[in-house]
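Read through the structure below, which is laid out as structure tokens, and then see the notes.
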Amino acid sequence: MADGHIRDLVGQMFMVDFSGCEPSAEVERLIADEGVGGVILFAKNIATPRQIASLTNALQRIAAAAHRPPLLVSADQEGGSVARLPAGATQFPSAMAFGAAGSEALVGAAAGVTARELRAVGIQMNMAPVLDVNSNPANPVIGLRSYGEDPRLVARLGTAAIRAMQASGVLATAKHFPGHGDTHQDSHLCLPTVSRDRRRLESVELAPFRAAVRAGVAAVMTAHVVYPALDPDAPATLSPAILQRVLRDELGFAGLIVTDSMAMRAIADTLRAGEAAVRAVLAGADIVLALGTADAQREALEAVRRGVEEGRIPADRIAAAVGRIRAAKHRLGLAQRATVAEEEVDSRVGIRAHLAVAEHVAGAAATLLRNPGHTVPFPPGSVAVVAAEGSLETARRLARALHAAGRHAAVVPADRLAAAGEGGVAFAVVLDGDRPDATPERRGRVEHLIRAALSRGPTAIVAAGSPYGLAGLPEEAACVAVYGADAPSLGAAARVLAGSLRPRGRLPVSLTGRQDR
């Protein structure tokens, strides 16, 4: 290969990030001079839907002016807490809310809306859906991002999302292969291990990914996790045994293999950016997600180029990866038109019909876990919304949603609870973000708060975050789970409490401990 040809081909295998709501000088250099093939957007790049369209158009024009192929532009638009599109776009509940609703039709409707809004602003690849089976309640990084603990449910809903997203013109990315759901550590911070035997991995972790491959998923993102039953030495991102033998050969996947961020500490704590990128390419990655500093991005690019020139990386490994990238861009029609119509964004993003889908999903997900004494719906009268520590803003938003649902509601600070409830007042105790590994001191304070509310009047716990934190709390209180603090989910909680919505969701995880299959 000629040196210039190597530079161009290797550049196409890199997807980079940058700072700011306009193209930075460094990302312009990476596109024009280094020939990088893709860009991923984060909150740091986003202000409004129309601004995103302006930004992606500017990035594509930089590539065109330098006679580079059109860019593959991506984002993590999972829904719930991991969503990059800003206010003004449609915000969907978490994946676990969809798991509670259990409807492939709702998943498909939401994925179609998400894809159409992404394409309207110039994003053609979604780093979603999450196909991790959240079998470990203490998982610190997946949780609500998973459809649930049942691999059959995850496979069924995940494939519905993939089909609808890709039918609407966006590449879906199944993540995090071969499964990040049974960890108690966060790969952003360290290198986790899933010490399960091959039989268990087949029946739980791998099952949704097999279904995704059969459904024609365009891309699979790797996990920075060690699976000793598959490879005792390397995390999946750096493992030929996992990416080539399992994903390519056994599962028959022919699409794009994308690394998770190579700046995460699971990788970056032990390898420099260049060596990590080389090992990922040798393992089978087609797209290296080179996030972080400009120096690290340049180091990674140059290391892979040098690896090809010195014979460490076979030339056909590069050719195969770039061939898949080109095929994906052709599938998206980027050669015909890579830019979007900025003036059409307002009529295509966050429109009423799309918001109605999000509200429908949230209503279908709302789950009444227990209802002693038929506490819910609340009897006529006002509602005191009580925030457990760390939940004050969510409590305020729930109070506003209760007003919209026709109830007078006021937020009552936990330390003033004793003065509330002089007849005709019901109590909604808001929990947002509790997990079963919360300290005994915190759990004790939450329990004390709930019992204080129970002593004052009818009480319901509203779980606006992870439902796992509900385990062991007083069973005398009713409990409503909505799986997120987004506006549609809190609106659904308010309507359940007010009596205008009958909760039909089913808890998609167990609250009694990890599920061993």
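Listing for the model above:
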item: Charge sum, other residues only, whose C-beta stays under 11 Å from His354's C-beta, Lys/Arg counted +1 and Asp/Glu -1; result: +1
item: Cα gyration tensor, region 367-498 - rounded (a/c under 1.5), prolate or oblate; result: rounded
item: Dipole of the chain [Lys/Arg +1, Asp/Glu -1 at C-beta], most positive-end residue of Gly472, Ala328, Met165; result: Met165
item: Net dipole in debye of region 3-347 [+1 Lys, Arg Cβ; -1 Asp, Glu Cβ; about Cα centre; nearest 20]; result: 760 debye
item: Glu393-Glu344 FRET efficiency (beta carbon distance; Förster radius 35 Å; 0.05 resolution); result: 0.55
item: Antiparallel bridges, percent of DSSP beta bridges restricted to region 3-347 (to nearest 5); result: 10 percent
item: Sequence of Phe378, Phe42 once ranked by neighbouring C-beta atoms within 10 Å, starting from the fewest; result: Phe42, Phe378
item: Length gained when the stretch Arg400-His330 is fully extended (0.36 nm per residue, less Cα-Cα span); result: 20.5 nm
item: Relative contact order of the chain, defined on C-alpha pairs under 8 angstrom at six or more residues apart (%); result: 16 percent
item: Ala315 versus Arg119: modelled label distance in nm, points set 7 Å from Cα along the beta carbon direction; result: 3.8 nm
item: Shape category assigned to region 3-347 from the gyration tensor of Cα positions, a/c cut at 1.5; result: oblate
item: Spacing of the two label points (7 Å from each Cα toward its C-beta) at Arg506 and Glu22, in nm; result: 5.4 nm
item: Region 367-498 - percent relative contact order, Cα under 8 Å, separation 6 or more; result: 34 percent
item: Residue among Asn139, Ala120, Ala58 farthest towards the positive dipole end of the chain, charges placed on Cβ; result: Ala120
item: Cβ crowding within 10 Å averaged over residues, with 462-471, 43-52 ranked highest first; result: 462-471, 43-52
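Read the figures in this text as sums done on the coordinates, not as results from a lab. Bear in mind the structure is a predicted one, so any value in this text is a computation, not a measurement. No Cβ is skipped: glycine too gets one built from the backbone with ideal geometry, and neighbour counts run over all protein chains shown.
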